[in-house]
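Everything on this sheet refers to the single structure shown next.
The values are calculated or read from the model by the stated rules, or taken from the named source; none is laboratory data. Since the structure is predicted, the reported quantities are computational estimates derived from the model, not experimental observations. Cβ coordinates were reconstructed from backbone atoms using ideal geometry, including for glycine residues, and neighbour counts include every protein chain displayed.
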């Protein structure tokens, strides 16, 4: 996604049309550590699907100078709101964000969204019956969760978190999974691919399980 001025709207159009030429122009791409979609650290650096999309776009837009700025995701959103001329691969379009950013056509899909819990707690959550995020946030307030600051997940999920804010907010994806593993949270709303990745990164494959829930969308598009 991109602020309305300058290069807004060029990204996907130029990727499809072929190399672009605009001598003297610069694009600042932003990246945050959100494995497995975007990798900014370690041996897997720049190997996430969004990293590869960013690299493809940069290669096609040959007339531009490209730079990548690694910052936490909440700062990316705050900076776009304040008028920074930044581009970001992986944004979820929402009505609120369309007030300060322009979005491309979809470039990838997030799938599926789950209630993520420790494997040892699976029976505890199964005993609740068919899971509903609304019920967890209202009837089971003692169960602890957290959301990434300024994140958009899916319309129904975002609306529930606005109506019933969780007790905690985190700034990095890995932070939330460490809190879950260490029994500082009871569940997260996350994607299965992220759950599998962070369980391995924490040295405990199989530590988490993902459970379907009533408000979980079939597909969320990244732009």
Hits in the stretch 81-106 (condition: within 25 Å of residue 146 (Cα to Cα), touching a strand residue (DSSP E or B) at 6+ places or on another chain (Cβ under 6 Å) and not in a loop (DSSP other than H, G, I, E, B)): 88
Wholly within the stretch 154-213, helices (runs of 4 or more DSSP H) carrying at least 3 residues that are crowded, with 19+ Cβ neighbours inside 10 Å and outside the structural domain of residue 125 (by TED's automatic domain parsing): none
Residues being surrounded by fewer than 18 Cβ atoms within 10 Å (Cβ to Cβ) and part of a helix (DSSP H, G or I) - total across the stretch 59-78: 5
Boolean, residue 149 is surrounded by fewer than 18 Cβ atoms within 10 Å (Cβ to Cβ), modelled with pLDDT of 95 or more, under 21 Å from residue 39 (Cα atoms) and not assigned by TED's automatic domain parsing to the domain that holds residue 78: no
Of the criteria (1) under 22 Å from residue 74 (Cα atoms); (2) touching a helix residue (DSSP H, G or I) at 6+ places or on another chain (Cβ under 9 Å); (3) crowded, with 16+ Cβ neighbours inside 10 Å, which one residue 216 fails: (1)
Pair list, Cβ under 9 Å, 6 or more apart: the stretch 114-128 residue free of Cβ contacts under 8 Å to residues at least 60 places away in the same chain, other residue in a helix (DSSP H, G or I): 128/135; 128/136
Residue, modelled with the lowest pLDDT, within the stretch 15-44, restricted to residues that are surrounded by 14 or more Cβ atoms within 10 Å (Cβ to Cβ) and over 18 Å from residue 90 (Cβ atoms): 20
Scan of the stretch 138-153 for residues that are assigned to a strand (DSSP E or B) and touching a helix residue (DSSP H, G or I) at 6+ places or on another chain (Cβ under 6 Å), ordered by number: 146, 147
Restricting the stretch 24-35 to residues that are part of a loop (DSSP other than H, G, I, E, B) and in contact with a strand residue (DSSP E or B) (Cβ under 9 Å, 6 or more places away or on another chain), the residue that is nearest to residue 223 (Cα to Cα): 32
Filtered residues of the stretch 113-122 (kept if in contact with a strand residue (DSSP E or B) (Cβ under 7 Å, 6 or more places away or on another chain) and within 18 Å of residue 132 (Cα to Cα)): 113, 114, 115, 116, 117, 118, 122
Residue check for residue 109: in a helix (DSSP H, G or I) and either buried (at least 19 other Cβ atoms within 10 Å of the Cβ) or touching a strand residue (DSSP E or B) at 6+ places or on another chain (Cβ under 8 Å) (or both): no
Selection count where residues are surrounded by 15 or more Cβ atoms within 10 Å (Cβ to Cβ) and under 15 Å from residue 223 (Cα atoms), scope the stretch 81-99: 10
Cβ-Cβ under 6 Å pairs, at least 6 apart or on other chains, the stretch 175-199 side over 13 Å from residue 117 (Cβ atoms), far side modelled with pLDDT under 95 and in a loop (DSSP other than H, G, I, E, B): 193/36; 197/35; 197/36
Qualifying residue in the stretch 39-50 (condition: assigned to a helix (DSSP H, G or I), within 19 Å of the chain's Cα centre (by Cα) and without any contact (Cβ under 8 Å) to a residue 40 or more places away in the chain): no
